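K.L.:
If you scroll down you'll find the structure; I have some questions about it.
The values are calculated or read from the model by the stated rules, or taken from the named source; none is laboratory data. What you see is a predicted model; the values in this text were computed from it and never measured. As a convention, Cβ positions derive from the backbone with ideal geometry for all residues, glycine included, and neighbour counts pool all protein chains shown. Note: accessible area is taken over every heavy atom of the protein model, side chains too, but ligands, DNA and RNA are not part of it. Shrake-Rupley method; radii C 1.70, N 1.55, O 1.52, S 1.80 Å.
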Amino acid sequence: MVTYLIIGITILVSFLCFSNAKLLRRLALTPYRMAHNHEWYRVITHGFVHGDTVHLLVNMFTFWSFGTFIESYFKALGFGNGAYLLLYFGGMIVASVHDVLTKRDNPYYSSVGASGAVSAVLFSYILLKPLGMIYFFAVLPVPAILFGVLYLVYCQYMAKRGTDNVNHNAHFYGAIYGFVLPILLRPSLLQAFFGQFGF
């Protein structure tokens with residue numbers, strides 16, 4: 001399955017970068033180098049690199065939890081692997097646009113991680129199964145749609161605060177992309193989404 005292939009490559013590259021700071025810097029999302037040196041490959045490569053083991057495990061566990069379902073669901077809808085790859089890597093790219101535009105003149109800014117892509121996969125699940133249960137902090141079950149709303153609000157709040165080292169904007173824009181893309185591919189999914197609430 002594509003999900004397992006991506007997870008395997010991401011784990012391998014991340015672990016290589018844990019002991020090779022030069023490789024990490026070469027693969028990281030660095031808007032300054034993208035804008036001034038045209039190193040546009042970074043918009044993809046940064047998603048295979050993570051800051052530490054916890055960052056890697058959280059992203060890959062979340063991706064595995066929802067990615068296997070979405071990959072199968074997309075195939076059932078007739079989308080195929082191409083659409084699934086578009087969801088994951090498109091989410092990665094869209095999640096990076098804000099940083100590329102706003103940080104392009106900051107030579108010290110860089111970002112790593114697959115969070116934007118993982119958020120895209122998560123929110124495709126929320127679109128398809130809004131009343132399904134997602135475990136908040138891996139303990140408290142809440143309806144997916146409620147989790148999604150809280151997630152977006154939290155991302156915007158934390159992005160405006162800017163007090164931690166987490167790229168909340170990437171989470172937010174990746175999530176929006178993941179919700180919208182399946183609708184663009186199959187507009188009837190929006191009606192099906194509302195239909196689950198009795199509309």
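K.L.:
What is the residue count in the stretch 117-136 for residues that are farther than 13 Å from Pro182 by Cβ and either surrounded by fewer than 24 Cβ atoms within 10 Å (Cβ to Cβ) or of a type in the set (A, V, I, L, M) (or both)?
P.N.:
8
K.L.:
While we're on this one: Can you find a residue in the stretch 152-166 that is under 17 Å from the mean Cα position of the chain (by Cα), at pLDDT 95 or above and not basic (Lys, Arg)?
P.N.:
Yes, the conditions are met somewhere in the stretch 152-166.
K.L.:
If a residue has to be in contact with a Leu (Cβ under 9 Å, 6 or more places away or on another chain), among the aliphatic types (A, V, I, L, M) and not in a helix (DSSP H, G or I) to count, how many in the stretch 116-143 make the cut?
P.N.:
The number of residues fulfilling the criteria is 2.
K.L.:
From Leu122, Leu140, Leu77, Leu128, grab the single residue that is farther than 17 Å from Asn169 by Cβ and modelled with pLDDT of 95 or more.
P.N.:
When all the criteria are applied, what remains is Leu128.
K.L.:
Please work out if Gly113 is open to solvent by less than 40 Å² (accessible area, probe 1.4 Å) and assigned to a loop (DSSP other than H, G, I, E, B).
P.N.:
yes
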